[in-house]
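Working notes, beginning with the structure itself.
Any read-out appearing in this document is the output of simple, stated calculations on the displayed coordinates, not a laboratory observation. Computed from a predicted model, the values in this text were never measured in an experiment. So basically every Cβ, Gly included, is an ideal-geometry build from the backbone, and we count neighbours across all protein chains shown.
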Amino acid sequence: MNDFQSELLLMSFVCFIACAVLILFLTPVARRHGLVDEPSFRKQHKNFVPLVGGISIFGALMIALLSSHISLSEYRVFFLALFILMTTGLLDDYNEIDAKKKFFLQVGVASILVFLDDVVIRNLGEVFFYAKPYGLGPFAIPFSIVAIVGVINAINMSDGHDGLASCYFLLAALALIVLQFLKGVGVNEILVVSVVAVLSFLVFNFAEIVGSKRQVFLGDAGSTALGLVLVFFLIKTSAVDATVLKVSAAPWLIGVPLLDMTAVLILRLQKGMSPLKADRLHIHHLLHEVGFSKFQVLGLLIFLQLIFAFVGIAGTIWAWNDGILLWSCFFILASYLIAASQVRSSIAKAS
């Protein structure tokens with residue numbers, strides 16, 4: 001084992017323990033001060049659950065990184081954006097912020113990354129089936145801002161079922177780590193340690209493991225921050241070296257949450273609802289209505305996300321056509337919308 005591997009192992013151990021300790025320490029504090037998720041008609045839980053998962057994950061991440069010899073200078077803007085987003089999420093967890101205000105704050109965070117750290121998608125690859133990458137030109141900046149805000153909300157909106165948002169993050173981050181390893185560019189330490197911190201949190205996310213009194217949730221602070229971590233590394237990786245991750249393959253690494261968010265937004269607009277209004281139109285809600293149990297829903301969606309992530313990895317390694325990778329996403333979206341509509345119609349008729 002070389003020095004890098006030894007330090008990464010030590011960082012991972014420190015991060016795992018630090019996350020668990022922070023959760024145990026912050027849980028009673030959150031209960032005393034009302035930083036809890038209250039039961040409602042849209043939610044499965046019946047208890048007031050502390051929203052300290054996100055704070056604990058990123059507190060542990062910073063402890064592990066700052067106690068290492070890794071230079072963080074190139075990530076200054078990223079951590080600034082992460083801090084702003086987590087602070088906004090924490091305030092929202094404590095006293096709900098208007099959805100429009102949150103959206104504009106997310107646009108601001110995305111703009112910071114785009115303008116100050118060059119987190120920009122400049123081309124989509126050969127998406128029109130001829131050997132010439134399709135450059136975005138002047139649309140690169142607005143497209144990148146939309147992409148960043150979109151992924152943040154894709155993970156955030158999936159956080160309505162125990163373990164789901166965290167598992168989506170884990171599978172996407174691990175897929176990116178696998179690609180970095182296979183391409184020989186060296187795995188990113190922040191991604192690895194983030195995965196370890198989320199694994200530590202997951203233990204406390206299930207009441208079946210730790211009991212209802214010790215169960216904690218990510219909160220908006222955690223789910224939006226995980227989305228930011230994902231989109232930052234997805235764009236940075238594909239922009240620096242497309243051989244590590246094809247731009248057209250990146251959506252597949254976050255396939256299910258991205259599919260779910262897009263479908264929900266389309267359905268809300270069809271119903272004349274605000275796209276920012278919470279509801280029960282998500283795929284995990286639909287599966288519950290069909291009759292799947294809590295863990296069956298989680299297992300099925302994790303399996304689907306594994307398939308999506310595999311396509312993203314395979315599409316990059318074997319250089320699949322960009323057009324096929326990109327446009328097949330729209331085909332899957334249309335197929336899901338049709339199937340979901342038919343299932344909901346059947347449920348409505350039966351009730």
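Show which aspartates and glutamates lie in cross-link reach of residue 349 when reach means a straight Cα distance below 18 angstrom and same-chain residues fewer than eight apart are skipped.
Answer for residue 349, where 18 Å is the Cα cut-off: 289, listed by chain and number.
Please work out how much length the chain gains when fully extended from residue 343 to residue 7, using 0.36 nm per residue of separation minus the C-alpha to C-alpha distance, in nm with one decimal.
On the way: separation 336, 0.36 × 336 = 120.96 nm, distance 5.06 nm.
Stretched out fully, the residue 343 to residue 7 stretch lengthens by 115.9 nm.
Find how much the distance from residue 128 to residue 243 grows on full extension, using 0.36 nm per residue of separation minus their present alpha carbon separation; answer in nm with one decimal. Before the final figure, lay out each step's value.
Numbers: separation 115, 0.36 × 115 = 41.40 nm, distance 1.90 nm.
My answer for the length gained is 39.5 nm.
If we sort 308-318, 184-194, 284-294, 95-105 on the protection proxy, mean other Cβ atoms within 10 Å, highest first, what's the order? Write down the numbers at each step before the final one.
Working: 308-318: 19.5, 184-194: 17.3, 284-294: 15.7, 95-105: 13.1.
Going by the mean number of other Cβ atoms within 10 Å, highest first, we get 308-318, 184-194, 284-294, 95-105.
Beyond a 23 Å Cα-Cα separation, which of these cross-linked pairs lie in this structure: 100/271; 100/294; 183/246; 213/294; 101/277?
Working: 100/271 19 Å; 100/294 31 Å; 183/246 12 Å; 213/294 19 Å; 101/277 13 Å.
Going by Cα-Cα distance, 100/294 fall outside the 23 Å limit.
Would the range 236-324 count as rounded, prolate or oblate if I go by the C-alpha gyration tensor, calling it rounded below 1.5 in a/c and otherwise prolate when a/b exceeds b/c, oblate otherwise?
Working: a/c = 3.13, a/b = 1.64, b/c = 1.91.
Oblate, since a/c reaches 1.5 and b/c is not below a/b.
Ordered by packing density, taken as the mean number of other Cβ atoms within 10 Å over each peptide's residues, highest first, how do 201-211, 334-344 rank?
201-211, 334-344
Give, as a single signed number, the net charge of other residues whose beta carbon lies under 13 Å from the beta carbon of residue 52, with Lys and Arg counted +1 and Asp and Glu -1.
So the surrounding residues net to 0.
Once both labels are modelled 7 Å past Cα along the beta-carbon direction, what's the residue 292-residue 140 spacing in nm?
Placing both labels 7 Å beyond Cα along the Cβ direction yields 4.0 nm.
Using modelled backbone amide H atoms (1.01 Å from N, in-plane), which distant-in-sequence or interchain residues come within less than 5 Å of residue 123's amide H?
Placed amide hydrogens put 136 under 5 Å from residue 123.
Please turn the phi angles of the range 209-222 into ³J(HN,Hα) values with the Karplus equation 6.51 cos²θ - 1.76 cosθ + 1.60 (θ = phi - 60°), one per residue in order, whole Hz, x for glycine and proline.
So the J values, rounded to whole Hz, are 9, 9, x, 5, 6, 9, 5, 9, 10, 5, x, 4, 4, x.
I'd like the FRET efficiency for residue 25 and residue 72, computed as 1/(1 + (r/R0)^6) with the beta carbon distance as r and R0 of 25 Å, rounded to 0.05. Provide the component values of the computation, followed by the final result.
Values: r = 25 Å, r/R0 = 0.99.
For R0 = 25 Å, the calculated efficiency reads 0.50.
Got the relative contact order for the chain handy, in percent, Cα pairs under 8 Å and 6 or more residues apart? The partial results should precede the final answer.
On the way: 471 pairs, mean separation 78.3, N = 351.
Normalised by residue count, the contact order of the chain is 22 percent.
Ordered by residue, what ³J(HN,Hα) values in Hz, to whole numbers, does the range 124-140 give under the Karplus form 6.51 cos²θ - 1.76 cosθ + 1.60, where θ = phi - 60° and Gly and Pro are x?
9, x, 8, 7, 9, 6, 9, 6, 7, x, 8, x, 8, x, x, 8, 4
Quick check on the range 16-102: take the gyration tensor over C-alpha atoms, sort the square-rooted eigenvalues as a ≥ b ≥ c, and tell me if it's rounded (a/c under 1.5), prolate or oblate. All intermediate terms of the calculation are to be shown ahead of the outcome.
Numbers: a/c = 2.96, a/b = 1.49, b/c = 1.99.
In terms of gyration-tensor shape, oblate.
Once you have a ≥ b ≥ c as the square roots of the Cα gyration tensor eigenvalues for the range 166-304, tell me rounded if a/c is under 1.5, and otherwise prolate or oblate according to whether a/b is larger than b/c. Could you put the intermediate results ahead of the total?
On the way: a/c = 2.02, a/b = 1.28, b/c = 1.58.
It is oblate, given that a/c is not under 1.5 and a/b is not larger than b/c.
Which distance in nm do the two modelled labels at residue 274 and residue 100 give, with both placed 7 Å along the Cα-to-Cβ direction?
So the two model labels end up 0.7 nm from each other.
Report the calculated FRET efficiency for residue 318 and residue 185 (r = Cβ-Cβ distance, R0 = 30 Å), to the nearest 0.05. Please list the in-between numbers first.
Working: r = 18 Å, r/R0 = 0.59.
Computed FRET efficiency for residue 318 and residue 185 comes out at 0.95.
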